[in-house]
1. Tell me what the chain gives for mean residue ellipticity at 222 nm when only DSSP H runs of n ≥ 4 count, each as -39,500 (n - 2.57), the sum divided by the residue total, rounded to 500 deg cm²/dmol.
2. If you place +1 on the Cβ of every Lys and Arg, -1 on the Cβ of every Asp and Glu, and leave all else neutral, what size is the dipole of the stretch 19-118 about its Cα centre, to the nearest 20 Debye?
3. Taking amide H atoms as placed 1.01 Å from N in the peptide plane, list the residues 5 or more away in sequence, or in a different chain, whose amide H sits under 5 Å from that of Cys45.
4. Mind checking the stretch 24-120 for GluC sites (Glu not before Pro) that DSSP puts in a loop (not H, G, I, E or B) and that have at most 16 other Cβ atoms within 10 Å?
5. Can you list residues from other chains, or at least 5 along the same chain, whose modelled amide H is less than 5 Å from the amide H of Thr100?
6. What does the charge count near Glu112 come to, summing +1 for each Lys or Arg and -1 for each Asp or Glu among other residues with Cβ under 13 Å from its Cβ?
7. Once phi is turned into ³J(HN,Hα) by the Karplus curve 6.51 cos²θ - 1.76 cosθ + 1.60 with θ = phi - 60°, what whole-Hz value does each residue of the stretch 106-115 show in order, with x for glycine and proline?
8. Determine the gain in length on full extension of the stretch Thr100-Tyr23; use 0.36 nm per residue of separation and subtract their C-alpha separation, reporting nm with one decimal.
Amino acid sequence: MKKVFLLTLLLVFILSCSDSEKYELISGSWKCSSWINEASGINKCNNNVQFEFNSDKSYNSIIGKIKDSGEYSIQDGLLYISPKGKMEFAVKITKLNNDTLVLLMNQAGNREVLSLLRVD
């Protein structure tokens, strides 16, 4: 019975973080700490991945030598990215707090986990 209560309490806590709170948490600059392709085990981070999420729901990113910008939104635990001139896509937010952002992505059917640390 105690375990059920604790699980229910945990679920309520997780669901209580509204999208507006997530926007506040995600706003800022982030740098890659790891980017693991689970099929190969390769870390694709190479210290050349950065994101900046702005409070006006715009973003800028640098992945390698490729710079990108556009808009983003957060709904139901998913981060929707709309790059300028490209199709929108979504990634799952598995962790978001003051200093860590972890995203679950799909690359050609393989799971990838991108871990970012706050810069500012």
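1. It comes out at -6000 deg cm²/dmol, rounded to the nearest 500.
2. Dipole of the stretch 19-118, to the nearest 20 debye: 380 debye.
3. Here Trp35 satisfy the definition.
4. Glu38, Glu88
5. Amide H neighbours of Thr100: Arg118.
6. Residues near Glu112 contribute +2 overall.
7. Couplings: 10, 10, 6, x, 9, 6, 10, 10, 9, 10 Hz.
8. 26.3 nm
Where a number appears in this text, it was derived from the coordinates with a stated rule and is not lab data. Keep in mind that what you see is a predicted model, and the values were worked out from it rather than measured. In this analysis, Cβ positions are derived from the backbone assuming ideal geometry, glycine residues included, and neighbour counts consider all displayed protein chains.
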